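> Handing you a structure now.
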Amino acid sequence: MKKYLLFIALTLAFINAKAQGSLNYATYGIGVSASLNKAYADLKKQDSNKSYAVTFNYFFTPYVPIGLEFQFGKLSGGSNTDLKVDKDGRQYLNNYKALILHMDVQAGELMDYQGSTILNVLKNFYAGAGIGGISNSVETQRTSVLDPTYTFPGTNSSVNLIVPLRFGYEFKFYNAYDQPNIRLDIGYQHNLTFGEGLDGYADPSTNFKNNALDQYRQITVGIKVNFGGQNSYDKEIRGY
């Protein structure tokens, strides 16, 4: 009889621990990601390139991650041989590094998704923004092919303020206690930079079309692993 009572007590304890666990989440995480990049800068033709990032995350709630991201990659465009691409022979390659602080808010923070399959799918959409700096290291064609006496203004090394605008979807993978400990993220990020550093050209708008901020977009796939710092939420995170 004692064995049966012990078995029942252990079962109830496990169920209670699982129920409590479904309200808990790890507040820290680390993530890695890879992106396809394309710049929108002074030159007409922009190439597709890749970038990579490592992000340390703090989860204010399960649906509000705050990330400090170190990112590095390439941006390039133009041509110094094909004058149909750029009639002046402008060309650049930027091996950049960036440090960005950003915060996302997922729909699950704003809705009651309990017991609804549809809302439990929708709860993982997110939008966010941030601020940071980008360090540009650029190789450029400075002399005009049409006029060898003209040197394009600009600098090959600079640091610019950067503001990322983000949205995407996060797939959550739960452990035995219904806590999201692995997260797969597919997102789009559009980065506005304040300065002329992305392509290294600072052409005057009187001579060249140069009336918008330098910017670049990223299509990103990343994975986050949560660890440590257990905290509680006011809804079951899994939701069903």
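The values are calculated or read from the model by the stated rules, or taken from the named source; none is laboratory data. Worth saying up front: this structure is predicted, and the values here are computed from it rather than measured. Just the protein is used for accessible areas: all its heavy atoms, side chains included, with ligands, DNA and RNA removed. Shrake-Rupley method; radii C 1.70, N 1.55, O 1.52, S 1.80 Å.
> List the aspartates and glutamates whose alpha-carbon lies under 17 Å from that of LYS224, not counting same-chain residues fewer than 8 positions away?
Result set, ordered by chain and number: GLU69, ASP104, GLU170, ASP178, ASP185.
> For LYS74, list the aspartates and glutamates whose Cα falls under 13 Å from its own Cα; do not include residues on the same chain fewer than 8 positions away.
Cross-link targets: ASP47, GLU139, ASP199.
> Between region 99-118 and region 150-195, how many Å separate their Cα centres?
With region 99-118 and region 150-195 each reduced to a Cα centre, they are spaced 17 Å.
> So which residue, out of PHE56, PHE227, PHE72, gets the largest mean-square fluctuation from a GNM of the chain using Cα contacts under 10 Å as springs?
Fluctuation is largest for PHE227.
> Could you work out how much longer the chain between LEU184 and LEU101 gets when fully extended? Use 0.36 nm per residue separation minus the Cα distance between them, nm to one decimal.
Length difference between fully extended and current span is 27.9 nm.
> Any chance you could give the angle, 0 to 90 degrees and rounded to 10, that helix 2-21 forms with the longest Cα principal axis of the chain?
The two axes meet at around 30 degrees.
> How much length, in nm to one decimal, is gained on full extension between VAL32 and LYS50, taken as 0.36 nm per residue of separation minus their Cα-Cα distance?
Taking VAL32 through LYS50 to full extension adds about 5.1 nm, to one decimal.
> Can you give me the Rg/Rh ratio for region 85-182, using Cα atoms for both radii and the Kirkwood formula for Rh?
With Rh from the inverse mean 1/r over Cα pairs, Rg/Rh is 1.28.
> Now, a different point. Of the candidates TYR174, TYR216, TYR58, which one comes out as most mobile in a Gaussian network treatment of the chain with C-alpha springs shorter than 10 Å?
Fluctuation is largest for TYR174.
> I've got another one for you. Scan [x] 68, 39, 32; [y] 52, 33, 29; [z] 99, 28, 26 for the value of Cα extents along the principal axes in Å calculated from this model and give just the label.
Recomputing Cα extents along the principal axes in Å here picks out [z].
> In Å², and per residue, what accessible area does region 100-154 have when probed at 1.4 Å with the other protein chains present?
51 Å²
> I've got another one for you. LEU83 to TYR177: extension gain in nm, 0.36 nm per residue of separation minus the Cα-Cα distance?
The LEU83-TYR177 span can extend by a further 27.7 nm.
> To continue, here is another question. Using alpha-carbon pairs under 8 Å, 6+ residues apart, how would you state the relative contact order of the chain in percent?
24 percent
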